[in-house]
Structure formats: C-alpha cells, structure tokens
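Participant: One structure follows; several queries about it will come next.
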Amino acid sequence: MKEAEVRRLLAANLLCVFSIILSAVVPASFWDGFTVFGTHLAWLCICSVCVSTLNIILHLVLKPNLSPKRSSFAHKISRFLKCCIYFFMSCILFHAIIVLYGAPLIESVTETFLFAVLLSTFTTLQCLCMLGPNIQAWIRVFSKNGATSIWESSLQITTMCSILGAWFGAFPIPLDWDRPWQVWPISCSLGATFGYMAGLIIAPLWIHWNRKQLTYKSR
Amino acid sequence: KHGGCARGRQDKQSEGRRVVFMGDDTWEGLFPKKFFRSYFFPSFNVKDLHTVDDGILQHLYPTVDSGEWDVLIAHFLGVDHLRWGGVASWSLVDHLGNDTLLLVAGDHGMTETGDHGGDSEKEVNAALFVYSKTPLFGTSPPEEPEAVPQVNLVPTVALLLGVPIPYSNIGEVMAELFSGDGDAVSAALQQLSVYHINAKQVDRFLHSYSLVAQDLPAEQLQHLQELFSGAMEEHTQLLAQVQGETLVPPALESRLGSLISRFQLYLREARAVCTQSWARFHPLRMVGGCTLIAASCLLCYVASELAASSGSFYRSCLLYPLLWGLVVAVLLGLAHAFTQEGLDLLLVLSWAAAASQLGFFWHWWGQYPKRRLRACLRLAFPMGILLFRCGAMFSDSFVVAEARVAPFLLASLVMLLVGKLHWDGRLTVPEGPKQQLLGFSSYRREIWYLLCLVAMLLVCVRLSGFFHQCREEIPQCRPSLFLSPLASLRNTRAKNLFYLLCVALLAGLVYAVRSWLRHYGNLNSSDPLVLFVRWCFPLVVLCIACYWAVASSADDSLGKLQELVQVAVVAFPWAVYGLASVGLLLLLCNPMTVFAKDTRESAGSIVTPYLGVPSSEVDFLHVIPQIYKRMQESQKSRLERGSCKATVAAYGLGSVYSAALVIALTLLGFLLMLLHSERLSLAFLLLFLEAFVLLHIHTRAKGLPFSVPWYAVISWLLAASQFFYSTGHQPIFPAIHWNAAFVGFHLDHSTNLLPAVLVGANTFASHILFAVGCPLLLLWPFVCEMPSSQKKKPKKEPQEELQEVEEHMMEMRLRESPEKFSTALLQLGLKYLFVLGTQLLACVCAAMILRRHLMVWKVFAPKFLFESLGFMVSSICLLLGISLVMRVDCAVSTWFSQLQLR
C-alpha cells in the first residue's frame, strides 16, 4: 500500500518537474526570441500557470486527501473563492516579505510581484490543493511530526526547498560577474524553481528511505 | 572584467597642453573636465567590446590629422580581451608626424583564459610598444627586448612633454627616448641631463619622505645619499670640463657613460629600497596572527561552554593560563635584556598570549569532557548564518555589498528562528485531545504578538537601508539624502520640516525612555540620578535641538548675530558633553533607581504591597508596583511570629540593572547623535527601536534562563554591523565623517587625540551602542517576566498567592543566585567576543590570502582596518557595559545591607 502510494507520489512529482522543463523549452518553438533570461517575465507567467494547472489537475485526479463528507455546490464555490483569496493574499504577503528583504520598492514592481506569484505557486497553491483553505491544518502540517501522510511530508519538503532555493538565489546578485541571470529577480526565481524541482525529486526518495521511521498518526 | 585597465598612447598632463581623450568613460569620472577635447564611450557592459573601440577608431585618424593636440590618449577596451591593438597601431603609423611618439601599452597582461588581477608571471607582464619616425636606437636595437618597470613611464612621458616629473615618482627615465638625432656625444649629454633631473627629483622625494615616515631603513638611505652626492659631484665636474672643452670625445664618451650608469645605479637602488619596504609581507607573522585570533575564538567558545560547568573552572582555566602568559612574557623580556637586543613588544605580547592559550587548552583537555556531536548540531542554524557572514568577507563584491548582506542575514536569522520555534511546537500550547479546538485561541495571541514583532523588525531593517552611504565601486548608487547636514538644504520649508521631525523624534525617544522607566517604577525616588533623568534629559534634548538649529542656519546672513552664532555653535555641544558626562558620572556613583518605602516603623497591618497598597496610591505613582521582599526568610519568620508586622516596599528594584543600562545607552545615544548630521538621528531612532524589538523577540523565544542563546548574540551583532552602514558609514576612508571632529570645536584642535576620539565615536557609533547594551540580552527576559504572569489572577488559595508574589521577582532572580548571574555574564561576554572574533578572523584571513588581489587596497585592506578597530571598540565597550552591570550589583548589595542595618 505504502509502496504504491510512494510510487504515485513520485510519478506526480516527476510530472511537475517535467512540466517546468517544458515551460522553459516549448514556448521557444512557437515564439521567436523566447528565452528564460531574455523574456523572463513571460516565462514566470508561463511557469506559474503550467505548474498551477498541473497541480490542480493532479489534485482532482489523485485526490490524496479524500474528504468523506459530501458538500454542496455552494459550499464548493465558497471554498474555491476562499482559495482564490488565500492565494492572492499569499502573493501580496510574499511580495511584502521580498521587499522587506531588500528588493526595490518602486522600480521593477512587476518583476517582484511575478516572482511572488511564482513562489506562491510553489508553496501556497500546493497547500491549498492538499489541505484546502484551512489555516489550522497548514499550521499543523508545518510543525514537527505534523504530517499525516506521505503527501503532506512531500508538501513540507517541497515548500521548504522552494523557499530555501529562492533564498540562495539572492546570493549571486551582488557578484560582479555581469551575467544576464544576475539581474533581479532572475537568480531568485531560478533558485526557487530549482529548489522546487529538487524538493519534488527529494521528497519521494526521502520518504522511501525513511519509510521505517515514518509513522503517520491518523486523524 | 575591470573596465579601466588598458591605458593607451600617452599619459596626460594638462599644464597648457592640449590633451585629447577618447575611449572608456570611466576617465570622465577620474579626470572631470581636464581634457581639451574628449570622446567618451560607455564601457559598462564588458561583453560589448565594440562600442568603445569603434568610437575611438572613428575619431582617431581625423583628430591625429587635424593636429589640434599635444597629447592624445586613446583607451581601447578591446585590447583587454582581443589582441588586436596592433592592427590599429600599424594603420596609425602613417598618420604620425616626425616629432610624434606612439606608445602602445597595457597596464597588465593576462592569463591563458584572458583573466587578470592575480600575480602570476603572465598577468604582471605586459607589452610596451614604442614607435617614432625618428630613430630611437643609435645602433641596431637589442636582440632581447628589455623589461621596463611600469613606473618608468611616468618620468619618461613627463620629461618628453616638458612638464615636471611628479613629486612622488620613483621610476627611472627610459634613456633611449632622449637620444635625439645628433651624434653620440650630444645624445649622451642629453641623456645625462635627463638622468640628472630624475635623480634630483627622486632624492628630494626620498628626503621629504624620510622626514615624515620612518619605514625606510636609515643605513640604506645613508647609502643612497652617498651614491647620489657622489654622482652629483662628478656631474658638476664633468659639466665644467665639457664647458671648458678640456675633454676630447673618446674620453668624454666613456666618462659620460660611466656617470650615466652611476645615476642609473642610484635610481635603481632607490626604487629597490622603496619597493622592499613598501610592499613587504611577513607571511610567518601573518599566519601567527591568524592562528592567535583563531585560538582566541576557540578559547572563547570553549570557555563559554565550560563556564556553567564547575567551580574550579575559574582557577584552573582562567587564572593559571594567565600566569603562564605572564611568566613567558617576563622570560622573554629577560632574555632580551641579556642578549641586548631591541625588544619587540608585539612579539613578546603574542608569545605571552600564545603561552596562556596553550595553558588554557592544556588544562581544558586534561580536565573536562568533550561536547557531544548532538549538541553541536543544535547550533547549526545560528552558526550557519555566522558562517555565511564570514564567508562574505572573502569576496570583494560581497564586501562592497555588505551594507545589504548584514540586514539580509539578520532578517533570515530572525525568520529562521521563528520558523524553528514553530516547527518545534514551542508556539503552540501543548497538544491534548480536547485542546485541538480550544488551543487555537491561545496559540493565536502568542503567535500574533511574535509575528508583529518580526514584522516590525523587518520594517526597521528595510527602513534602515535608506541611510546608506555609497562606495565608488557601485557607480549607479546615489548616497542617501539624509546624510548631508541640514545646512546644505536649499529649500527652507523642507529644512524646517526635517528639523521639526528630528527634534520631535528626539523628544519622542526621551519620552519613550522615561515612560519605560516609569512603567517599571524607576522614576520614583529622589536620587540625583533619577532627578537627572527627569530634568536633564529634556534639557539635553533642548541643547541638541538648539545646536541643530544654530548649525543648520549658520550659513544664513544673520548680521550682528553672527558672533552669537559662533559662540552658540560651540557652547551647545559643550553643554551636551557636560550634561552627558555628569549623567554618566552620576550613574557610576549611584546607579540605584529604586524607591524604597519603609513601613516597618508604622505599626500598621501587614502591607504586602502587591495586595494591599491602596489603589489611590497606585494611581498616584503611576506604577505597577514592583515588589521584592527583602530578607524573605527573616521576614517570613518574623511574620510567623507576629512580632513585627512590617515590610519594605521597593519600587523599581525588579529592573534596576536594565534601568541603569538604558539610562547609559540613552546618554550615549545623545552624544553619538550629536556627532552625526541632524537627519541621521532618524537612523538612531530606528536603531533603538530595532534593538528593543530584537530584545522582545529574544524574550519570547528564550528557553533556559541564565543563558543567552547563540542566535540572540549573533542577531545582536548583525544588527550592530547593519547599523554601522545605516548610520551613513562604509569601511573606506573617503566615507569617514570628518565633520564629527569639529562638533563643539571651532576649527582648532591642540592635540590629535580628541578629534580622533570624536571621529572614532562617530564611525563606530553602532558598535558602541550595541556592545554596551549587550548585557540587556541577559536581563531583558527577567524584566519582561511580569506581563505574562500578570494575566492570570486566580487567587483562591494562599499557595497561589505566594507564587504570584514570587513571580514578580524579575531581575532579583539574578540576585537570588549570584553565582549563576556572574557565570551568565561571563558566558554572554565570551559568546559576544567569539562572534566578534570570528568576524575579525574572517576579515584578517581574507586580507592575508588575497594580499595580491587587485582590490586589496580598495576593499580588503580598509575593511580589515575598520573591522579590527571596530573589534577593539566593541570589546572595550562590552567590558564597560558588563562592568556597569557589576557596579549596579555592588550598589544593590550595599543597599540591601543598609536596609538590614536599619
């Protein structure tokens, strides 16, 4: 049972990684002059959209957390709206945090905001898919021994890796190498993307290796 | 990589010469408006090699042909990357006149990969191409090209242009370029005169240099002097003989040749002496110094871990090693005295330090168990941040950008801390089956408070970025507008507005400090110190405000008032200096800010103030009374006996240590604000606010009492370096605020010491404040104890009441266990020194390893100097802060004994 679950997780995660790679490669075939560095904003949008659609589809197909109670249509709608609001708020919050960390306040607002959207896609959207608009569940998952399934463990790992990647992405900015990817926010968004991909790949492996120690409390 | 390196054609001197420049636009910044005509091209993008070079080629030939120039400098950029400078040169040759000299030179070579900046053979050697239509060499040119030191270009070009050789030149002219087109004798005579001028210039420079600095060895100078005077003597003789025409050509030629070689010898030896003494590194001493610093850091770390462990620690690990060091120092001194050698104080001191450290480690190794790995892993996250901070010292880009690195790391550290607290579940209430629903509310209040604090900290960190000074390495940077004094503002309205804002914020600071003190009951007594805080703090603010007013309007024409203004500009700062020093003296004499109310004489009922103080009195005093029952045991026994029903109520005893520190910090803050330009007081306000928020976060996150965790110390130091930059400083010499030396002095200083102290205090303001305030990290959690225990007031059983009273002990917990208190202070100091020392070590290692780096004199060496000075200032101030706490402790002890006697 558990092995199969891990395999499903691995497949889903690999799909996500694949979609990110595609988002960098495919648009170049029908859009002349598309490069990840050159038209970075476009890539940010494409990547966010790709990852979010894939995540939503995967969520609908796989349904990692089956909620037993059937809910009405209105309830679903309100849930969906709540999710949208949460996502938007997380974008704003990420934007604020990025600015507080030293990003320019007025110049390149679009870049900063799109970077915030990307980060939200990698973190908040996953949480929304997995846990729904339920802050308390989020708080539970992001604490020690808080995960109740391998999906939630994977969520922990990918979220942390994305944020860590974005953080490390800020490091090359002051260097005087004059490379195109040192421009704000390219290095950070690349860092976040690589971190996310690394997290996606690490999570199933980590769960596989630690499957003896991992015991999930059922709630 | 470094845009401005290949230097073309001819050097510049603009004394009446028409200098035309074309090429790299960095020259515009270096020599603004010095050129007769100039064609600048952007060199910002190093991948774009063609903009500059195509632009030059476009203008080069027309300019050369027009003849409207004496010196033409063409700085090709592509030469740096592609070796095609020769192509342009060859086609240029056709355009040259007979009296023109073409010099093609690079100021460095490159490695196989095209890089430069190191000290490899290929990088430090460059080609020099000299062309003239007039033959330069009398005979055929030498087979093997001669290597010419780069400094030789300066005197050669200067003399060719007919301008004086620059004063500090130590190069030698290139004789071949001065042969002219006459016969051998006239050529030699001309070369001789050139050498003569050059030698005189070098001698003059060496003479005046040796008067100022003593680093050139005396005997070598003497030798050089002899060489010079000998050559000069022969020169005069020879000239007389030439004029008297007593010498015939063959003999004359040989005499001329020998004299020229004497001058050459002099010039070369002079250069060798200078090079040897100026570019001198002592690798052994460097490594020794680094080892000493590293060992000291390790010592601090080990001692801070050990301090809590046992009592014999002080004697075996601190006293004996000190004795060892002393013994070694005395032995070395004696040895030197016997061998009659000059005593190198530095060497003796380092040996003594090394000996005492060896002693420490020897004792430690023998006696104490080693730490387990698990404990080290726990430290990984604050130490990781510290590691990043230290690693950043090794890259010139990160040193240049350090003003942004420190806040970034500080923010990360605090976020990580909060994340870790959450991860460990320290922010949630302990989990229980039914608390799943109830727990959320209590969880929320706590976390919101913490999150607000973190948000405030982040905002402070971000806002402090608006006060940065610029370095020239970042050309697009604009210095903060808050750095310039108000007097430089043209707009009167803006000036007034800023002035009012600064004064209001200053008043706000005083208000905040006073209300903090009042809140903790430290403003009730009528001691001189409390009176000082009550009355003289506003007075100090008034003086500062008046000084700012006078200083910022000094340029306006005030007519007769001018003299008054002159007096006021000096008088107000002196008033502040005087008041602040009076305050600090009072603080040292009697640091107690406690109001004791002795009710023992009155035969009233038991006044346990927490319960029984009449509410009117509470209102009157505006305090939440702090109670410490003195002599609890004896009192309790007496109460039990019922013979004497009395207590002593002491207001402000619970925060007596912090109050003293806060008062000291405020006074220091006033002094330092005075030394900065007016609008930087906003930065100081941010500093105080950020320190306050950091202390609160630390209080919230604290685990064990009596020990300050590493992350708190590291964040405190990160904030210190953050505010070094945010008070408008940079670790470079042009960024020093020299104006600080003249606050309260009207352009006259009798000694060098006072201005040095003022400028030093200005430069290291944040180091001083944070180091003095360091003991607050230990004290604050005790001070903040109250609000948490105040919430719950279930008074049903007498036991709980007792507990309630005891929970209000605050800083008196420290007095309860004096040994733990002193250990904790020692531990805190050691931790602070360890973190400081690690930063210094990284900086020193960077300067040592990268001593041949291109940027060493621009980046690493100044950074090293500033960092080491900052280290010294910080450690002295740390000692002062800790000794202030100990002074308060003594005062509290005497106070208690006096109470007991009464």
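The values are calculated or read from the model by the stated rules, or taken from the named source; none is laboratory data. The structure displayed is predicted, hence computed values, not measured ones. Positions of Cβ are generated from backbone atoms using ideal geometry, with glycine treated the same way; all protein chains shown enter the neighbour counts.
Participant: Find the residue count for the stretch B:501-533, including only residues that are buried (at least 21 other Cβ atoms within 10 Å of the Cβ) and among the polar types (S, T, N, Q).
Facilitator: 2
Participant: Does the stretch B:403-414 hold any residues that are touching a residue at least 40 places away in the same chain (Cβ under 8 Å) and within 9 Å of chain A (Cβ to nearest Cβ), and which are they?
Facilitator: Answer for the stretch B:403-414, where residues must be touching a residue at least 40 places away in the same chain (Cβ under 8 Å) and within 9 Å of chain A (Cβ to nearest Cβ): B:404, B:407, B:411.
Participant: Failed condition for residue B:471, given (1) assigned to a loop (DSSP other than H, G, I, E, B); (2) at pLDDT below 85; (3) more than 10 Å from every other protein chain (Cβ to nearest Cβ), with all others met?
Facilitator: With respect to (1) assigned to a loop (DSSP other than H, G, I, E, B); (2) at pLDDT below 85; (3) more than 10 Å from every other protein chain (Cβ to nearest Cβ), residue B:471 is out only on (2).
Participant: Taking the residues in the stretch A:171-190 that are away from chain B (no Cβ under 14 Å), part of a helix (DSSP H, G or I) and not polar (S, T, N, Q) as candidates, determine which candidate is farthest from residue A:108 (Cα to Cα).
Facilitator: A:190
Participant: I'm trying to understand the selection: among the residues of the stretch A:7-25, which are over 19 Å from the mean Cα position of the chain (by Cα) and over 19 Å from residue A:45 (Cα atoms)? Step through it out loud before you land on a result.
Facilitator: To start, the set of residues in the stretch A:7-25 that are over 19 Å from the mean Cα position of the chain (by Cα) comprises A:7, A:25.
Within the stretch A:7-25, just A:7 meets the criteria.
Participant: Suppose we keep only residues that are surrounded by fewer than 19 Cβ atoms within 10 Å (Cβ to Cβ) and assigned to a helix (DSSP H, G or I) within the stretch A:30-49. Which one would you say is nearest to the chain's Cα centre (by Cα)?
Facilitator: A:49
Participant: Which ones in the stretch B:391-402 are more than 8 Å from chain A (Cβ to nearest Cβ) and either surrounded by 19 or more Cβ atoms within 10 Å (Cβ to Cβ) or small (Gly, Ala, Ser) (or both)?
Facilitator: Filtering the stretch B:391-402 down to residues more than 8 Å from chain A (Cβ to nearest Cβ) leaves B:391-394, B:399, B:402.
The answer is B:391, B:392, B:393, B:399, B:402.
Participant: State all residues of the stretch A:91-108 that are within 9 Å of chain B (Cβ to nearest Cβ) and of a type in the set (Gly, Ala, Ser); if no residue qualifies, say none.
Facilitator: If the condition is that a residue be within 9 Å of chain B (Cβ to nearest Cβ) and of a type in the set (Gly, Ala, Ser), then A:96, A:102 are the ones that fit.
Participant: Would you list the helices (runs of 4 or more DSSP H) that sit entirely within the stretch B:358-465 and hold 3 or more residues that are among the hydrophobic types (A, V, I, L, M, F, W, C) and modelled with pLDDT under 80?
Facilitator: In the stretch B:358-465, the matching helices (runs of 4 or more DSSP H) lie at B:373-378, B:435-464.
Participant: Could we say that residue B:486 is under 16 Å from residue B:662 (Cβ atoms), in contact (Cβ under 8 Å) with a residue 60 or more places away in the chain and touching a Cys at 6+ places or on another chain (Cβ under 9 Å) here?
Facilitator: Details: under 16 Å from residue B:662 (Cβ atoms): no; in contact (Cβ under 8 Å) with a residue 60 or more places away in the chain: yes; touching a Cys at 6+ places or on another chain (Cβ under 9 Å): yes.
When the stated conditions are applied, residue B:486 does not pass them.
Participant: Between residues in the stretch B:837-851 that are over 9 Å from residue B:390 (Cα atoms) and residues that are surrounded by 23 or more Cβ atoms within 10 Å (Cβ to Cβ), which pairs lie under 6 Å by C-beta distance while being six or more apart or on different chains?
Facilitator: B:846/B:393; B:846/B:860; B:847/B:860; B:850/B:860
Participant: Sticking with this one: Yes or no: residue B:215 assigned to a helix (DSSP H, G or I) and surrounded by fewer than 21 Cβ atoms within 10 Å (Cβ to Cβ)? Steps first, please.
Facilitator: Details: assigned to a helix (DSSP H, G or I): no; surrounded by fewer than 21 Cβ atoms within 10 Å (Cβ to Cβ): yes.
No.
Participant: In addition: Contact list please: Cβ distance under 6 Å, first residue in the stretch B:853-874 and among the aromatic types (Phe, Trp, Tyr), second residue outside any helix (DSSP H, G or I), pairs at least six apart or on different chains.
Facilitator: Here the result reads B:860/B:850; B:866/B:731, each pair linking the stretch B:853-874 to a residue that is outside any helix (DSSP H, G or I).
Participant: Restricting to the stretch B:710-751, name every residue that is in contact with a Lys or Arg (Cβ under 7 Å, 6 or more places away or on another chain) and not in a helix (DSSP H, G or I).
Facilitator: Correct list: B:730, B:731, B:732.
Table: residues versus (1) modelled with pLDDT of 75 or more; (2) within 14 Å of chain A (Cβ to nearest Cβ); (3) surrounded by 15 or more Cβ atoms within 10 Å (Cβ to Cβ); (4) touching a helix residue (DSSP H, G or I) at 6+ places or on another chain (Cβ under 6 Å).
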| position | (1), (2), (3), (4) |
| --- | --- |
| B:4 | no, yes, yes, yes |
| B:27 | yes, no, yes, no |
| B:34 | yes, no, no, no |
| B:44 | no, yes, no, no |
| B:49 | no, yes, yes, yes |
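Participant: Of all residues in the stretch A:109-138 being surrounded by fewer than 18 Cβ atoms within 10 Å (Cβ to Cβ) and within 14 Å of chain B (Cβ to nearest Cβ), which is farthest from the chain's Cα centre (by Cα)?
Facilitator: A:136
Participant: Separate question: With the requirement that a residue be within 18 Å of residue A:96 (Cβ to Cβ) and either surrounded by fewer than 14 Cβ atoms within 10 Å (Cβ to Cβ) or within 10 Å of chain A (Cβ to nearest Cβ) (or both), what does the stretch B:444-453 give you?
Facilitator: B:447, B:448, B:451, B:452
Participant: Would you be able to say whether some residue in the stretch A:156-170 is part of a loop (DSSP other than H, G, I, E, B), surrounded by 18 or more Cβ atoms within 10 Å (Cβ to Cβ) and in contact with a helix residue (DSSP H, G or I) (Cβ under 9 Å, 6 or more places away or on another chain)? Before the answer, list the steps.
Facilitator: Applying the first criterion (part of a loop (DSSP other than H, G, I, E, B)) to the stretch A:156-170 yields A:170.
Right, trim to surrounded by 18 or more Cβ atoms within 10 Å (Cβ to Cβ) and you get A:170.
This time we only want the ones that are in contact with a helix residue (DSSP H, G or I) (Cβ under 9 Å, 6 or more places away or on another chain), so: A:170.
The answer is yes, given that some residue of the stretch A:156-170 is part of a loop (DSSP other than H, G, I, E, B), surrounded by 18 or more Cβ atoms within 10 Å (Cβ to Cβ) and in contact with a helix residue (DSSP H, G or I) (Cβ under 9 Å, 6 or more places away or on another chain).
Participant: Would you mind telling me which numbered condition in (1) in a helix (DSSP H, G or I); (2) within 14 Å of chain B (Cβ to nearest Cβ) residue A:145 fails?
Facilitator: (1)
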